[in-house]
Amino acid sequence: MEINGLPAHNLIIHLTVVFIPLAALFSAVYAAVPRWRWATRWPMLVSSMVALVSVIYAWFSGRHLRDERLAAGLDAVRFQSHQERADILLWVTVVFVALVLFAAWALGGPSALVSGRGARGNHAPVIEWTAISGLLILAVLLITMTVYTGEAGARLAHGG
């Protein structure tokens, strides 16, 4: 897979590296600042979906690039660390987006403009704290796995 003669993987990872931190930031703000939920709900949802699509596309394009490099005679062991981390990143992103969808639904509530009391909905405290803690934990984990996966990819591409 190529885009303008360059491997698609090398280009699409930039989209991933931009939208994963954006999604994590919007979800952390959504979780931590209830008064801003009405303003961060849609940016959180959209950036999370773009992050998921970009991670999936990066994963598939990375497998395609790896297969091309293996056919050219490179050693498969060189790809192992980056591939394992990319697999983990893919699944963390899937779980993160599922939790984002749940939190947007469960913590939604009316907008602050309509209700006059902030964006707090009527829901059980267990649901609220589960969604909030899950979003915060997964946001940190998502950024951490992105850094580790990118670091392994950079070592693979540039040696070391």
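For this structure, a couple of remarks:
- Max mean-square fluctuation residue, GNM over the chain, Cα-Cα springs under 10 Å, options L142, L15, L89: L15
- Peptide packing: for 91-100, 3-12, the average count of neighbouring Cβ atoms within 10 Å per residue gives the ranking 91-100, 3-12, highest mean first.
- Dipole of the chain computed with +1 at Lys/Arg Cβ and -1 at Asp/Glu Cβ about the Cα centre; of L15, Y30, I143, farthest Cα towards the positive end is Y30.
- Option label - log10 I(q)/I(0) by the Debye sum over Cα atoms at q = 0.12, 0.14, 0.19 Å⁻¹ computed here, alternatives (i) -0.64, -0.77, -1.09; (ii) -0.57, -0.71, -1.06; (iii) -0.64, -0.80, -1.22: (ii)
- Rounded to the nearest 10 degrees, the angle from helix 80-106 to the longest Cα principal axis of the chain is 20 degrees.
- 1.4 Å probe accessible area per residue over the chain, in Å²: 56 Å²
- 5 angstrom amide H check on E2, placed H, neighbours 5+ away: A8
- The angle separating the long axis of helix 8-32 from the principal Cα axis of greatest extent in the chain is about 20 degrees.
- Percent accessible area from carbon and sulfur atoms, the chain, protein chains only, probe 1.4 Å: 70 percent
- Estimated dipole of the chain in Debye, rounded to 20 [Cβ of Lys and Arg +1, of Asp and Glu -1, Cα centre]: 560 debye
- Label point at E68 placed 7 Å out along Cα→Cβ; residues across the stretch 4-27 whose backbone nitrogen lies under 20 Å: 4-17
- The stretch 1-100, relative contact order in percent, only Cα pairs under 8 angstrom and at least six apart counted: 31 percent
- When the chain is treated as a Gaussian network with alpha carbon springs shorter than 10 Å, the biggest mean-square fluctuation among A23, A39, A31 belongs to A39.
The values are calculated or read from the model by the stated rules, or taken from the named source; none is laboratory data. In this text the structure is predicted, and so the values were computed from the model without any measurement. Quick reminder, even Gly has a Cβ in these numbers, built from the backbone with ideal geometry, and neighbours come from all protein chains shown. When the accessible area is computed, the model is the full protein with side chains, heavy atoms only, and any ligands, DNA or RNA have been set aside. Shrake-Rupley method; radii C 1.70, N 1.55, O 1.52, S 1.80 Å.
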